[in-house]
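Let me begin by presenting the structure, written as structure tokens, before commenting on it.
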Amino acid sequence: MMSDEIKKGLLGIIVDETEVSKVMPEINSLTYRGYAAQDLCEYCKFEEVAYLILNKDLPNTIELRKFEKEEKNNRDLSKDLYSILKKMPKKSHPMDVARTAVSIMGLEDKETTDSSQEANTRKAIRILAKTPTALAAFYRIRKGKNIIKPKKNLTMAENFFYMCFGKVPQKEIVKAFDVSLILYAEHSFNVSTFTARTITSSLSDIHGAITGAIASLKGPLHGGANEEVMHMMNKIKKPENALKWINKALDNKDVVMGFGHRVYKSGDSRVPTMRKYFAKVAKIKKDKKFEKIYDIVEKVMIERKNIHPNVDYPTGPTYHLMGFDTDFFTPIFVISRITGWSAHIMEQHAANKLIRPLASYKGSQHRKVVQLNQR
Ligand code: COA
């Protein structure tokens, strides 16, 4: 007899094993393939971490050079994709643009139907290389500016700034952006990753799984929170308003974006690192306003609710200070998370079991169909 106990939101359910990352809320730690995320931020650039997530180990110099070459050689888009991007409604949310662009990449990819580990690794690199180009192109198209093609002599982080703004900022800003990519790269069975694994479990392909994962990440309860944080900070406007604003929000029982987490209940392990780089960017930009708002809201959330910030809280204002439009914050998350999603898609393929849970039916009891002319 099957138990009818419902685990809404799959709360507390372990659905599979993974070797990609480990979230350890008890000790506030997160490891990718066994390496602490904060150490990877300190000692590696994003490309090394992308290699690690996809290939299970950190690269040596030769392996990294080969990986980077492949990524750089695949940055450019087809003429068709550039022209489709130009035709997209200018008001489209860039997450929807990213979702559509990856879907089109699937139509164009010569290995779409091959889901072997080798083909999936190659396709993951192509999606990782092309998605920033598609996003940056749309960033400029909607502002009526010319598209800036990718440059092969730049890192992924530098190239994204270059393609969006036409120049690469100082190295501390690039490092802060790179750190955010590392921190966003992978986080176990979160909703978008689980979506990607669910799509994969029917033996569908990597482009489809990543397209679905992008749709999932868009939601404000997941990746979309970094945009919502910025909307909140813009509503608060200045530090003097912060205390009143947050107390009122809590009195109204509002959900405060950028706080809380399904797994971390006493703090998100990624926050201290990102908070440090947020401060560095604020110092360079000589703009401390958002840091002050940040601290006041955080203090009240902890004092009144014992709810701590998640990584979207510091990334939101950091991306704003770097000059990105607010609706590009979650798309930046996409660029990074393509690595984690791809690793999970490959893991799912390697030991697949169709994901198909049960539901407890609470609709009408059995009824007789009455023909249309007698209803
Ligand atoms: N602001 C205010 N209250 C919050 C909160 C927040 N950000 N996050 C959780 N809570 C409260 C809930 O209202 C609930 O209170 P209750 O027990 O009195 O009803 C309690 O804390 C438990 O929250 P719940 O939503 O059940 O936890 P969850 O594990 O299902 O949700 C999130 C996790 C992330 C969806 C939730 O914390 C949230 O909505 N956060 C804001 C969105 C966000 O930043 N998402 C990014 C996640 S990385």
Task: Test: residue in the range 253-270 that is at pLDDT 95 or above and farther than 16 Å from residue 232 by Cα - done: yes
Open item on the list: Here is a check on your reading of the model: is residue 224 within 15 Å of the ligand (Cβ to nearest atom) and either surrounded by fewer than 22 Cβ atoms within 10 Å (Cβ to Cβ) or at pLDDT below 95 (or both)?
Closed with: yes
Task: Among the candidates 52, 58, residue that is free of Cβ contacts under 8 Å to residues at least 40 places away in the same chain, part of a loop (DSSP other than H, G, I, E, B) and surrounded by 13 or more Cβ atoms within 10 Å (Cβ to Cβ) - done: 58
Task: So residue 97, is it buried (at least 23 other Cβ atoms within 10 Å of the Cβ), of a type in the set (A, V, I, L, M) and either closer than 13 Å to residue 78 by Cβ or touching a Ser or Thr at 6+ places or on another chain (Cβ under 9 Å) (or both) - done: no
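Got a sec? Which helices (runs of 4 or more DSSP H) wholly within the range 288-370 have at least 1 residues that are touching a Leu at 6+ places or on another chain (Cβ under 7 Å) and either among the hydroxyl-bearing types (Ser, Thr, Tyr) or at pLDDT 95 or above (or both)?
Numbers: elements: 289-300, 312-322, 329-350.
Those helices (runs of 4 or more DSSP H) span 289-300, 329-350.
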- [ ] Search the range 309-323 for residues that are free of Cβ contacts under 8 Å to residues at least 24 places away in the same chain and pair each with any residue that is within 15 Å of the ligand (Cβ to nearest atom) and part of a strand (DSSP E or B) when their beta-carbon atoms are under 6 Å apart and the residues are at least 6 apart or on different chains.
- [x] none
TODO: Kindly establish whether residue 284 is surrounded by 19 or more Cβ atoms within 10 Å (Cβ to Cβ), farther than 23 Å from residue 28 by Cα and among the β-branched types (Val, Ile, Thr).
DONE: no
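Look through the range 176-208, keep the residues that are among the charged types (D, E, K, R) and closer than 14 Å to residue 345 by Cβ, and return whichever of them is farthest from the chain's Cα centre (by Cα). Steps first, answer last, please.
As a first pass, look at the range 176-208 and keep what is among the charged types (D, E, K, R): 178, 186, 197, 205.
With the extra rule that they be closer than 14 Å to residue 345 by Cβ, the set shrinks to 186, 197, 205.
Values: 186: 8, 197: 15, 205: 20 Å.
Across the range 176-208, the extreme among qualifying residues is 205.
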Open item on the list: Looking only at the range 252-275, count every residue that is near the ligand (Cβ under 7 Å from one of its atoms) and part of a helix (DSSP H, G or I) and tell me the total.
Closed with: 0
TODO: Identify the single condition in (1) touching a Gly at 6+ places or on another chain (Cβ under 9 Å); (2) within 22 Å of residue 72 (Cα to Cα); (3) in a loop (DSSP other than H, G, I, E, B); (4) not aromatic (Phe, Trp, Tyr) that residue 123 does not satisfy, given that it satisfies every other one.
DONE: (3)
Task: Index of the failed condition, residue 77 passing every other in (1) part of a loop (DSSP other than H, G, I, E, B); (2) surrounded by fewer than 18 Cβ atoms within 10 Å (Cβ to Cβ) - done: (2)
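Within the range 176-215, which residues are in a helix (DSSP H, G or I), polar (S, T, N, Q) and surrounded by fewer than 20 Cβ atoms within 10 Å (Cβ to Cβ)?
Taking the range 176-215 and keeping what is in a helix (DSSP H, G or I), we get 176-184, 191-201, 206-215.
In the following step, the residues that additionally are polar (S, T, N, Q) were identified as 180, 192-193, 195, 198, 200-201, 211.
Matches in the range 176-215: 201 only.
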- [ ] Return the pairs, sorted by first residue and then second, in which the second residue is exposed (fewer than 13 other Cβ atoms within 10 Å of the Cβ) and among the charged types (D, E, K, R), the first residue lies in the range 137-156 and is on the phi > 0 side of the Ramachandran plot, the beta carbons are less than 9 Å apart, and the residues are 6+ apart or on different chains.
- [x] 144/90
TODO: Among what's in the range 276-316 and is among the acidic types (Asp, Glu) and more than 22 Å from the chain's Cα centre (by Cα), pick the residue that is nearest to the ligand (Cβ to nearest atom).
DONE: 298
- [ ] Taking the residues in the range 80-91 that are in contact (Cβ under 8 Å) with a residue 24 or more places away in the chain and surrounded by 15 or more Cβ atoms within 10 Å (Cβ to Cβ) as candidates, determine which candidate is farthest from residue 160 (Cα to Cα).
- [x] 88
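Of all residues in the range 157-175, how many are more than 16 Å from the chain's Cα centre (by Cα), surrounded by 15 or more Cβ atoms within 10 Å (Cβ to Cβ) and not acidic (Asp, Glu)?
Here the count works out to 11.
Please work out which residue is farthest from the ligand (Cβ to nearest atom), limiting yourself to the range 206-220 and to residues that are among the hydrophobic types (A, V, I, L, M, F, W, C) and more than 14 Å from residue 311 (Cβ to Cβ). Talk me through it step by step, then tell me what you get.
Looking only at the range 206-220, we keep the residues that are among the hydrophobic types (A, V, I, L, M, F, W, C), and these are 206, 209-210, 213-215, 217.
Still in the running and more than 14 Å from residue 311 (Cβ to Cβ): 206, 209-210, 213-215.
Values: 206: 24, 209: 21, 210: 19, 213: 15, 214: 16, 215: 16 Å.
Applying the filter and picking the extreme gives 206.
The values are calculated or read from the model by the stated rules, or taken from the named source; none is laboratory data. Here the structure is a predicted model, which is why all the values come from computation and not from measurement. Methodologically, a virtual Cβ is constructed for each residue, glycine included, from the backbone with ideal geometry; neighbour enumeration extends over all protein chains shown.
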